Every structure is written in structure tokens, then in C-alpha cells.
Amino acid sequence: MDEARSLWTLPDEDRRLNRPNGLYAEPWLLYLLSTDRVDLAGEFMEACVPPGDRPLSMINALVELGRPDLLRSWLDDSWYIVGKKYERARAVADGAPRRALPPTPTEEDVAALAEAHAKLLRTPRAKRERPTEKLIEQAANCGHLSAVVELLGNLPDHDFNDRPKAAFSALWRATTGHYCAPW
């Protein structure tokens, strides 16, 4: 980690030229948090990511680490964080199990997916692409990978912006819990 630390401890003039913003820093921060390197994530964030540019995806990462204190100190100025997130972070801190990756869909998840799918089928075919992508995201978030695979066939496959992008995004989301993919 000394090599990583050396990247953000460059002299000010070099760091100013190579300073990542929140978008470029996000995969690195999520990696550090998902591997429980909270201290290193804090150092990196303080050195390279201005408070107003902190990634939104860090909220769920800190919740699953059980760190309501860091939710407040790192992100309170940047994002609105609902009370349920703080409660979940406190519960994990008190010993509640972390989210399994990939998650297993609950009966409520399956019912919500079925309801959303029924609504999708009532949508005119010409207007289904974006709702199908949203449903794929919803299925990936709850770990229903067979629904993801089934829905992917409804997306165009002529370029990377449709089916391949949705497939990669869904797998990444289901296995890491984050939307942001690495570089």
C-alpha cells in the first residue's frame, strides 16, 4: 500500500495536475472500503477528493461496513442520507450480518420483480428499452440473476451501449454491491 499512498503524496504541483475527481476516485474508494481498508480510504479521500465531490456509492459501502460515524463525517455535507441507512449501519456495527454478495432474492424481491415485469409488458414495445434496463438493475440488486439473463434478451445487441453494457453492469452490481465498475 505504500506504492498506492505514494500516488497521492506527490508534491502539490504534480498532484494538482494528476488529481482525480470523485468520478475517477470512486472505484478505488469502493475497493478500499470493500476490503476493509477504511484508514487508507480516508487518507486517499482527504488528499484527493474534495468534500463536495464524494461519490454517492460510498453510502452503501459504509452502511455494509457498519460505519454510521463515517457516513456522517465523510458524506453528510455531500449527500442526503436517509435514516434507514444510518439504522442499517448501526445494526451491522452491533453485529447484524452484512449483505451477502451476490444476494439471494427474498419473496418480497420476487413479488416486486413480478409486478414490475407485468407493468413492463403493458408498456408499448417501442418504449420498453429503458424500463427493461431498470428492471435488469432491480433484478441484479436483489440477486435474481436468472431474471437478469431472461431480460437481457429483450435489449438490442448491435452495440456495447445496450445488451453487453447491461449484462456487465448487472453482474458487477450483483457480485460487488456497487454500480461503479473498475477502470
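The values are calculated or read from the model by the stated rules, or taken from the named source; none is laboratory data. Bear in mind that the values here come from a model prediction, so they are computed numbers and not experimental data. Glycine gets a Cβ as well: all are built from the backbone with ideal geometry, and neighbour counts include every protein chain shown. The accessibility values were calculated without ligands, DNA or RNA, using every heavy atom of the protein model including side chains. Shrake-Rupley method; radii C 1.70, N 1.55, O 1.52, S 1.80 Å.
Quick notes
- Condition check for ARG90: closer than 24 Å to LEU40 by Cα and open to solvent by 100 Å² or more (accessible area, probe 1.4 Å): yes
- In segment 78-85 there is at least one residue matching the filter, namely being crowded, with 18+ Cβ neighbours inside 10 Å and outside any helix (DSSP H, G or I).
- If the condition is being acidic (Asp, Glu) and either touching a strand residue (DSSP E or B) at 6+ places or on another chain (Cβ under 7 Å) or farther than 16 Å from LEU30 by Cα (or both), then segment 45-90 contributes ASP69, ASP76, ASP77, GLU87.
- Residue pairs whose Cβ atoms lie under 6 Å apart, separated by 6 or more positions or on different chains, with the first residue in segment 157-178 and under 16 Å from LEU101 (Cα atoms) and the second assigned to a helix (DSSP H, G or I) and modelled with pLDDT of 85 or more, are ALA170/ILE136; ALA170/ALA140; ALA170/VAL148; ARG173/ALA140; ALA174/ALA140; HIS178/LEU30.
- Taking the criterion of being in a loop (DSSP other than H, G, I, E, B) and closer than 14 Å to ARG98 by Cβ, the residues of segment 42-68 that qualify are GLY66, ARG67.
- Beta carbons closer than 8 Å, at least 6 apart along the sequence or on distinct chains, never pair a first residue in segment 85-103 that is on the phi > 0 side of the Ramachandran plot and without any contact (Cβ under 8 Å) to a residue 40 or more places away in the chain with a second that is surrounded by 11 or more Cβ atoms within 10 Å (Cβ to Cβ) and assigned to a helix (DSSP H, G or I).
- Qualifying residue in segment 90-98 (condition: in contact with a Gly (Cβ under 7 Å, 6 or more places away or on another chain) and either modelled with pLDDT under 95 or closer than 30 Å to GLY52 by Cβ (or both)): yes
- Boolean, ASP109 is open to solvent by 60 Å² or more (accessible area, probe 1.4 Å) and either among the acidic types (Asp, Glu) or under 24 Å from ASN161 (Cβ atoms) (or both): no
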